[in-house]
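Data first, discussion second: the structure below is written as structure tokens.
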Amino acid sequence: ILWLCVEGLFIAELRHLLEVERFEYDRRFIFRCLAMGHSQFAELIGARGPNTQINAACASTTQAVSLAEDWIRTGRARRVIVVSADDVSTDVLLPWVGSGFLASGAAATEDVVADVATPFDRRRHGMVVGMGAAAFVVESSESLADRGLQPICEVLASATANSAFHGTRLDVDHVGQVMEGLVRT
């Protein structure tokens, strides 16, 4: 019964909003609510070729680099633009996402950022919840040479794997096996 009362309250609020705020269905609505930034960006700059969006939590950018390397190695693309961004620190998202990270034990709780921003330190005990963004081009060495550019770094190899272990914990043995295989390759 409580749920019905709460649901009725939400419906009343929505009806009130529809009465006081003008609603106009915009044909671009679907492009705004779907994860289609990659498609819109490609359209904006006229990029052709493979195009996708990856959602792998904190591994998304790393997987995007791996996929870019694969597309270039297999001849599907000469260069790939990787754009990544995440902002869970908005007033709307932070209470939800922050609570989830705290409940799972993945968020650090120290007051001093310098005490927790230690990604490769043995003292690391969680992540700093916030926002971040990166954008770069992964390009074949032939394409770079054609344009007379020197690379900043080189992707020698990559591997993508799934431990099917836990949403926020690592299967250390499996990760070790994958890393050993990658280095060996």
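See the values below:
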quantity: Cleavage-rule hits, trypsin sites (Lys or Arg not before Pro), the stretch 27-91, DSSP coil, Cβ neighbours within 10 Å at most 16; calculated: R27, R28, R48, R76, R78
quantity: Accessible area in square angstrom per residue, the stretch 119-171, 1.4 angstrom probe; calculated: 85 Å²
quantity: Residues with amide H under 5 Å from that of A107, placed H, sequence gap 5 or more; calculated: L102, M127
quantity: Positive-end residue, the stretch 56-185 charge dipole about Cα centroid, Cβ charges, pick of A157, G130, A56; calculated: A157
quantity: Debye log10 I(q)/I(0) for the stretch 74-126, one point scatterer per Cα, at q = 0.13, 0.26, 0.30 Å⁻¹; calculated: -0.52, -1.10, -1.18
quantity: Residue-level accessible surface for L156, protein heavy atoms, 1.4 Å, Å²; calculated: 150 Å²
quantity: Size of electric dipole in the chain: Cβ of Lys, Arg +1 and of Asp, Glu -1, about Cα centre, debye, nearest 20; calculated: 560 debye
quantity: Cα Rg, Dmax (largest Cα-Cα span) when computed across the chain, Å; calculated: 22.0, 70
quantity: Residue-level accessible surface for F31, protein heavy atoms, 1.4 Å, Å²; calculated: 100 Å²
quantity: Per-residue HN-Hα couplings for the stretch 36-45 [Karplus 6.51, -1.76, 1.60; θ = phi - 60°; Hz; x = Gly/Pro]; calculated: 10, x, 5, 5, 5, 5, 4, 5, 4, 9
quantity: Rounded tilt (10° steps) of 2-20 against the dominant C-alpha axis of the chain; calculated: 90 degrees
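The values are calculated or read from the model by the stated rules, or taken from the named source; none is laboratory data. Predicted model only: the values in this text are computed from it and were never measured. Virtual Cβ from ideal backbone geometry, glycine too; neighbours counted across all protein chains shown. The protein model used for the area step is the full one, side chains on, heavy atoms only, and it has no ligands, DNA or RNA in it. Shrake-Rupley method; radii C 1.70, N 1.55, O 1.52, S 1.80 Å.
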